[in-house]
1. Report ³J(HN,Hα) in whole Hz for each residue of region 86-94, in order, from the Karplus equation J = 6.51 cos²θ - 1.76 cosθ + 1.60 where θ = phi - 60°; Gly and Pro get x.
2. Subtracting the Cα-Cα distance from 0.36 nm times the residue separation, let me have the gained length for Ala74 to Glu36 in nm, one decimal.
3. In square angstrom, what is the accessible area per residue of region 14-96 with a 1.4 angstrom probe?
4. Using θ = phi - 60° and the Karplus relation 6.51 cos²θ - 1.76 cosθ + 1.60, list the HN-Hα couplings for region 32-49 in order, rounded to whole Hz, with x at every Gly or Pro.
5. In whole percent, and with a 1.4 Å probe on the protein chains, what portion of the accessible area of region 26-96 is carbon and sulfur?
Amino acid sequence: MLILGDKRSEMAQNVSMDVLECLKKYGQRLDSEIAEETGVALATVRERLAALATSGAVIACKITRFENGRAVDACLYRASGYFPPPAPGRKPKPTS
């Protein structure tokens, strides 16, 4: 039998794992893109990302984008110490 506090804690851990999995899948994402991908509210995603950034699991970068001449502030996140696998296909040979 789960206690309500335990269930909330379990849900928070699941959201954290979903956020990290999303970042590992795509490399780097905006907070709004992560919320859309995981199906979790943007405020919840931001809380989880803030906790993960504090622990050092993710790296955050605040950016300003201009959409239709209007400034939009957002945060860009990527998993700390994670390098996505190289894209498939032939790679250029090094020149000597």
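1. Taking θ as phi minus 60°, the curve returns x, 5, x, x, 6, 10, x, 7, x Hz for region 86-94.
2. Values: separation 38, 0.36 × 38 = 13.68 nm, distance 1.42 nm.
Here the segment from Ala74 to Glu36 would lengthen by 12.3 nm.
3. For region 14-96, the solvent-accessible area averages 73 Å² per residue.
4. Each residue's phi maps through the Karplus curve to give 5, 5, 5, 4, 5, 5, 8, x, 10, 4, 4, 4, 5, 4, 5, 4, 5, 5 Hz.
5. Working: 2870 of 5370 Å².
Carbon plus sulfur share of accessible area: 53 percent.
The values are calculated or read from the model by the stated rules, or taken from the named source; none is laboratory data. Small disclaimer: the values here were computed from a predicted structure and weren't measured. In case anyone asks, the SASA skips ligands and DNA or RNA and just uses the protein heavy atoms, side chains included. Shrake-Rupley method; radii C 1.70, N 1.55, O 1.52, S 1.80 Å.
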